[in-house]
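Written below as structure tokens is the structure these notes are about.
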Amino acid sequence: MNDVMVRLREAAEYVQAKIGTEPVSIGMILGSGLGDLANELENPIAVPYVEIPHFPVSTVPGHAGRLVAGYLGGKRVLVMQGRFHFYEGYGMDTVVFPVQMMRVMGILDLLVTNAAGCVNTAWLPGDLMLISDHIKLIPENPLRGANIGELGDRFFDMSTAYPENLRAMARKEADRLGIVLREGVYQLFTGPSFETPAEVRFARTCGADAVGMSTVPEVIAARHAGMRVLGISCLTNMAAGILDQPLNHIEVLETGERVKATFSALVKAIASSWPH
Ligand code: HPA
């Protein structure tokens with residue numbers, strides 16, 4: 001068996017032993033400033049990343065660094081409170097380890113969230129955006145190297161990475177709650193520097209509505225492993241060069257804090273209407 005597969009199984013078995021065998025309906029990844037949602041789970045069981053064999057450890061302020069299993073909107077969920085980023089120095093294969101571990105645990109549905117810079121000038125900081133598609137122009141890919149055949153095939157389709165039926169369900173829930181939910185394309189930049197104004201204009205020309213430093217690797221790994229993905233960006237700031245002001249991480253966290261009740265309400269409604 002592939003070495004990575006051995007490590008994934010050991011990690012999955014450890015987490016499974018901690019959280020119990022009741023099946024998890026949805027895996028969730030909470031982005032910068034959005035991690036508080038994990039504190040709203042019913043009957044939570046937390047497993048710190050440091051305890052899990054072969055798991056990386058997150059280093060960013062605003063990322064708690066633990067898995068929390070529990071119930072949200074009546075569904076059993078497993079939430080990553082804090083994720084791993086390429087800019088922290090991890091290889092992309094490490095960044096996607098938790099998603100692949102979820103798949104090994106039998107989880108087939110994934111909700112990914114992130115904080116992102118807003119490229120679309122018709123929208124505002126604090127808006128939430130459904131991810132309809134993504135752009136990755138950087139050369140790294142989390143699946144470079146030997147294919148893990150137990151997870152999926154070498155070449156796989158990305159044309160419906162964010163399936164329409166899940167997005168339609170999310171739009172319906174947002175409408176019902178009176179929450180403005182944008183929809184658009186997320187473009188990955190590596191960070192940790194924010195983009196330049198010229199890079200933001202380039203992203204807009206490419207068709208991007210938002211820019212960020214995460215999510216794309218995880219979605220690629222999830223699709224490889226046959227998982228169904230829904231992505232939501234919290235547009236925490238106008239991307240560089242749009243407003244005449246510098247960008248900083250504090251603003252990202254503050255906007256996350258400002259919208260967290262709306263974000264939580266939407267994610268809870270989405271969990272409860274999730275079709276699988
Ligand atoms: N750029 C990249 N990543 C981000 C941004 C941004 O403007 N805001 C929050 N995450």
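The values are calculated or read from the model by the stated rules, or taken from the named source; none is laboratory data. Only a predicted model underlies this, so the values are computations on that prediction, with no experimental measurement involved. Here Cβ is always computed from backbone atoms with ideal geometry, including for glycine, and neighbour counts include all displayed protein chains. Surface accessibility is based on the protein's heavy atoms, side chains included, excluding ligands, DNA and RNA. Shrake-Rupley method; radii C 1.70, N 1.55, O 1.52, S 1.80 Å.
Closer than 26 Å to MET129 by Cα, of a type in the set (Gly, Ala, Ser) and in contact with a Gly (Cβ under 8 Å, 6 or more places away or on another chain): does that describe GLY27? Can you show your working first?
Working: closer than 26 Å to MET129 by Cα: yes; of a type in the set (Gly, Ala, Ser): yes; in contact with a Gly (Cβ under 8 Å, 6 or more places away or on another chain): no.
No: the conditions fail for GLY27.
Output the number of the condition that SER159 fails; it satisfies all remaining conditions of (1) within 14 Å of the ligand (Cβ to nearest atom); (2) out of contact with any helix residue (DSSP H, G or I) (no Cβ under 9 Å at 6 or more places or on another chain); (3) of a type in the set (S, T, N, Q); (4) open to solvent by 60 Å² or more (accessible area, probe 1.4 Å).
(1)
Looking at region 113-142, which of the residues that are more than 14 Å from the ligand (Cβ to nearest atom) and open to solvent by less than 30 Å² (accessible area, probe 1.4 Å) is farthest from the chain's Cα centre (by Cα)?
The qualifying residue farthest from the chain's Cα centre (by Cα) is PRO142.
I need every pair where a residue in region 190-210 that is at positive phi has its Cβ under 9 Å from the Cβ of a residue that is within 12 Å of the ligand (Cβ to nearest atom) and in a loop (DSSP other than H, G, I, E, B), sequence separation at least 6 or different chains.
Listed pairs, sorted by first residue: GLY191/HIS85; GLY191/MET213; GLY191/SER214.
Kindly indicate whether ILE179 is under 23 Å from GLY106 (Cβ atoms) and of a type in the set (A, V, I, L, M). Please lay out each step first, then the result.
Numbers: under 23 Å from GLY106 (Cβ atoms): no; of a type in the set (A, V, I, L, M): yes.
Spelling it out, it is not the case that ILE179 is under 23 Å from GLY106 (Cβ atoms) and of a type in the set (A, V, I, L, M).
Cβ contacts < 7 Å: first residue on the phi < 0 side of the Ramachandran plot, restricted to region 147-162; second residue of a type in the set (Val, Ile, Thr), any location; separation 6+ or different chain. Result?
Correct list of pairs: ILE148/VAL4; ALA161/VAL219; ALA161/VAL229; TYR162/ILE131; TYR162/VAL229.
I'd like to check which strands (runs of 3 or more DSSP E) are fully inside region 31-100 and have at least 3 residues that are surrounded by fewer than 19 Cβ atoms within 10 Å (Cβ to Cβ) and not basic (Lys, Arg). Explain how you work it out, then say what you get.
Details: elements: 42-48, 66-72, 75-81.
By residue number, 42-48.
If I ask for residues that are near the ligand (Cβ under 10 Å from one of its atoms) and surrounded by 20 or more Cβ atoms within 10 Å (Cβ to Cβ), which ones from region 232-251 would you list?
SER233, CYS234, LEU235, THR236, ASN237, MET238, ALA239, ALA240
Return only the number of the condition from (1) touching a residue at least 60 places away in the same chain (Cβ under 8 Å); (2) part of a loop (DSSP other than H, G, I, E, B); (3) closer than 20 Å to SER32 by Cα that PRO246 does not satisfy.
(1) is the only condition that PRO246 fails.
Can you pull out every residue in region 150-165 that is under 18 Å from the mean Cα position of the chain (by Cα) and under 30 Å from VAL4 (Cα atoms)?
The initial filter retains those residues of region 150-165 that are under 18 Å from the mean Cα position of the chain (by Cα), namely 158, 160-164.
If the condition is that a residue be under 18 Å from the mean Cα position of the chain (by Cα) and under 30 Å from VAL4 (Cα atoms), then MET158, THR160, ALA161, TYR162, PRO163 are the ones that fit.
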